[in-house]
1. Mind giving me the FRET efficiency for B:Lys402 and C:Asp182? R0 is 56 Å, r the Cβ-Cβ distance, nearest 0.05 is fine.
2. Quick one: ranking C:Trp285, C:Trp350 by accessible area, 1.4 Å probe, largest first, what do you get?
3. Are any of the pairs B:Lys402/B:Lys472; B:Lys369/C:Lys128; C:Lys66/C:Lys169; C:Lys101/C:Lys213; B:Lys406/C:Lys87; B:Lys280/B:Lys402 more than 30 Å apart by Cα-Cα distance, and if so, which?
4. Taking the Cβ-Cβ separation of C:Asp421 and C:Phe28 as r and a Förster radius of 60 Å, what is the calculated FRET efficiency to the nearest 0.05?
5. Rounded to the nearest 100 Å², what is the buried accessible area between B and A, both sides summed, probe 1.4 Å?
6. Could you work out how far apart the two model spin labels at B:Asp383 and C:Gln413 are, taking each label as a point 7 Å from the Cα in the direction of the beta carbon, and quote it in nm?
7. Can you tell me how much longer the chain between B:Ala476 and B:Gln332 gets when fully stretched, taken as 0.36 nm per residue apart minus their C-alpha distance, in nm with one decimal?
8. What do the square roots of 5 times the Cα gyration tensor eigenvalues come to for chain B, in whole Å, largest first, as semi-axes of the equivalent ellipsoid?
Amino acid sequence: MDKKTLIDMAYLARLIVEEADVSNYCTQLSQILHFIEQMQPINTDHVEPLAHPLPTIYTSLIALRTDQITEFNQREQLQRCAPSIQDGFYVVPPVIE
Amino acid sequence: MHQFTLSELQQHLHARDFSCRSLFEHLLTRITQYNTSLNCFIHINSDHALQQAELADKAFHQGNVTALTGLPIAHKDIFCTQHMPTTCASKMLANFTAPYESTVTAKLLDQGMICVGKTNMDEFAMGSSNESSFFGPCKNPWDISRVPGGSSGGSAAAVAAQLTPAATGTDTGGSIRQPAAFCGITGLKPTYGRVSRWGMVAFASSLDQAGVMTRDVADAALLLQAIAGHDAKDATSAIHPVPNYSATLMQSLAGKRLGLPKPMFENLQIDLEPAISVFKQLGATVHSVDLPHLALSVPAYYVIAPAECSSNLSRFDGVRFGHRCKDPADLQDLYQRSRSEGFGAEVKRRILMGTYTLSTGYYDAYYKKAQQIRRLIQQDFIDAFKSVDFLLGPCTPTTAFKLGEKQLDPLTMYLSDIYTIAINLAGLPALALPCGFQQDLPIGLQLIGNFFDEALLLNAGHQLQQQTHWHKATPASFN
Amino acid sequence: MWEAVIGLEVHVQLATRSKIFSGSATNFGAQPNTQASLVDLGLPGVLPVLNADAVRMACMFGLAIKAEIAPTSIFARKNYFYPDSPKGYQISQYEQPIVGKGQLDITLDQSQKSIAITRAHLEEDAGKSIHDRLPHASAIDLNRAGMPLLEIVSEPVLSSSAEAVAYLKALHTLITYLGISDGNMAEGSMRCDANVSVRPRGQTQLGTRAEIKNINSFRFVEKAIDYEIARQIDLLEQGGRVQQETRLFDSHTQTTRIMRSKEHANDYRYFPDPDLLPVNIDPQWLQQLAEQLPELPAAKLERFQQAYELPSQDALQLCQHPALADYYEQIIQQAQHLKSNTPTKLCANWLLSEVLGQLNKNQQSIQDCPITPQQLAQLVVRIDDQTLSSKMAKQVFESLWIKPQDVDDLIEQLGLKQVTDNSILQKIINEIIQQNAEQVQQYQQSTEDKRKKLLGFFVGQIMKQSKGQANPQQVNELLIKALTN
């Protein structure tokens, strides 16, 4: 992984990578990526990707939610852990559309 | 009192040999005393636990109790709890108290268990040594220059040091079993979907599973009984009957087919022979089985887990909860600084990895490929269970390593999960059991079962513990 | 020399009581963040659980546009940071949407066109960033976060703003028929993104498109598309190039402008949401749903034209909204009790002109109509049986609007019964003829066209004498007879 890619990824993930850490991150991530490359030679042409570990015989029964209101106003309680609120709103620096 | 298991405490409390209050006073004293050297608790629930203990004593007096009333437990600091902070061992959540209770902790609370505190862990459960905790590493009670394993290291150390008879843990790639093995205790990772994930801060959603860490298998059965079952709040929790786990502990193992996966025994430095011979004596037949794609589990895992983690951790943005940077200049600054200040190095590394493998142009080569490999690995297990009833293998390639030994080399650290990861990828249950010592450090094995076959694993583990004393050993400095 | 190519992405808010992945209410206009629960806020450790009714409604839509319903569909995460996206990702369907290819017929300038729909998928709505509420800060309200949306994507086959609006209206009618959305555009229940490009007529390759986001009225859709087509043609004719970009429609200036927050090309890193299992549709359940589907706009239109012998324009207007069509049918049902030979056309006229006129004046919808179908049926029947002249009927209607009551009682109270008894009418005519001998003479000596004028004079006198209650047609007949004798 090169520096540019690292910086692009950091931006997508909204992380700052300090200049001093760039080469360390690049080396480590490249090592991991290299390690992951082991998968590539394996033929997976007709293999269905597995997103959920439970076999379908156990998941076919999984229920959807009935359309009912079960949550009521808990704003005060839920905003107790908020770093910045005003008049019931969460507050962020100005957003430009 | 601290040497008792849950089942023993149950009897003593019911017999009123001692009060709950005295039990908790004793445990909390020990926790305060030893936490300075072990650092296994992030939060000690002193006052609240004593209040609850008094209430439990009243309940005993009135005869209004359940099986778990007044029994102590510690919770990994990844479970949301309303009356204690939930930090995930991260600066990001250092001041966070959840406005709701996780299903696991709520179920135990409802059944009368009393929480002694929240245990240390790797930050957001990402790590195998507990060294990535924002609150400093936790130490292994058998040798405090060594790691307790991770990510549920605090829970393992607390149970091993007899500061609590039991603790909850979570296992994404071995996070219950590896520290259980390093600390010489019993650890159960149930089938994916057996226990609700509601209220458990997510690391990698398709791999995370809550479980228990105890001193013996009977206690693990007791606790699994209390937390297992479908939860309408978790769409991935299975609708599948929960058997009575304690009822089948004493069943005979005669004729049970035990499989030894070949790739788990190649160049193995840990001696599992003594345990295997006990199973033979108990009447199990031993068979060699193949898991041809096992070696690919580490690379597949280190694509899938970081990918899911990169997305799961996006919600930590400094807006609704958690760390927020001072005086953000604009929105991007708010996001970037809050997240960069709040997350530690390993978490950032995994977020960056996951972001990369999911990004345009790489999705097929990495994420999709890893999910296909995951299918192959699961199929290997499904095939193996056609000819055997359960599997036995090591939990770890070595005994507990030294603090700092692998911290600078993530890849070597990742490889310490080589025997546990495949089980998470496949979604299967596994039970870690102490099986001896090497250079005075505990070693562990794991029994791996078919989907929802926890009862057989507990049965087999209990039978092993009836014949052996490995699980009864305790670290001398904490007696 | 240029032609426009337009594709629409329409977001329809489904009419569920609770949100798509949480048990929060979906009411409009609640106080900020009072309908944002743990799940909607994306607190650590929370999990989404899919609302069964959102699935049912999506399937109903799919059936109505004759699309294939995916036996298994998958929810994915669309990852991006924005304050109104609390989890840092939106749960949406990406590779396997619940509704596949379908079609919707539109009528424009009396010709029909079938519009191909690419797909429709379920997703959650985002919250709202409010920029003018706090000084030097944006205020975030997450009540809307997690509202259930069905995103309906058309093929780029629309060629004008008029076609786009016709398609949107047809879609609006369909979703209200299905009852899967209230379709309230002012409250954002139906929002539209338009992909607009232009190309030289005859060229098969599509031009570069611009996406105009979040247009929330039929009129704005028309304005935004027209502006955008003109802007692109201008640009191209001046030798410029259209940029692929996201734009916003400004309703004040009626122009589109580039959306700054979308300047960075994003990489959404879609992947299947591990918290949600694939949605499996049971074919038997789907079959039942198909059988229970309400009558659709096209079928109703045809039935109205045939069963009620209505001209297509009337039927079209009545069928635009199912509640209006229902109201009409209730009038007919009531009228049939009163009169076997029901005046269906007259019923339509009164509903469409008088009732709708009054409702529109008050900015109300048919559900708010104070007059019951039974009362309106009575009124129309009284016109039809000539108890009331149309002028009298309007008077009755106005009183009825203020104080709904039995129509016959009201006619009695107002003393408005039309006089149709020939002997009474003859008596009045005779009186008037006697009182106006001069005019009678003039009439008899006049030419045909002059006679008409005089006839008016006599009718006026007779109506005055009868306090407006004489049946004008009968008066005419009897009067002519009397004058020519």
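1. Working: r = 65 Å, r/R0 = 1.16.
That gives a FRET efficiency of 0.30.
2. Values: C:Trp285 85, C:Trp350 20 Å².
In descending accessible area the options line up as C:Trp285, C:Trp350.
3. Numbers: B:Lys402/B:Lys472 24 Å; B:Lys369/C:Lys128 37 Å; C:Lys66/C:Lys169 18 Å; C:Lys101/C:Lys213 23 Å; B:Lys406/C:Lys87 33 Å; B:Lys280/B:Lys402 35 Å.
Beyond 30 Å: B:Lys369/C:Lys128; B:Lys406/C:Lys87; B:Lys280/B:Lys402.
4. Values: r = 57 Å, r/R0 = 0.95.
The formula returns an efficiency of 0.55 here.
5. Values: alone 17550 and 9970 Å², together 22140 Å².
Chains B and A together bury approximately 5400 Å².
6. 8.8
7. Working: separation 144, 0.36 × 144 = 51.84 nm, distance 5.26 nm.
Gain in length upon complete extension: 46.6 nm.
8. Values: eigenvalues 190, 174, 82 Å².
Semi-axes, largest first: 31, 30, 20 Å.
The values are calculated or read from the model by the stated rules, or taken from the named source; none is laboratory data. Please read these numbers as outputs of a predicted model, since none were measured by experiment. A quick note on method: Cβ atoms are made from the backbone with ideal geometry, for glycine too, and the neighbour counts reach across all protein chains shown. Please note that ligands, DNA and RNA were not included when accessible areas were found on the heavy atoms of the full protein model with its side chains. Shrake-Rupley method; radii C 1.70, N 1.55, O 1.52, S 1.80 Å.
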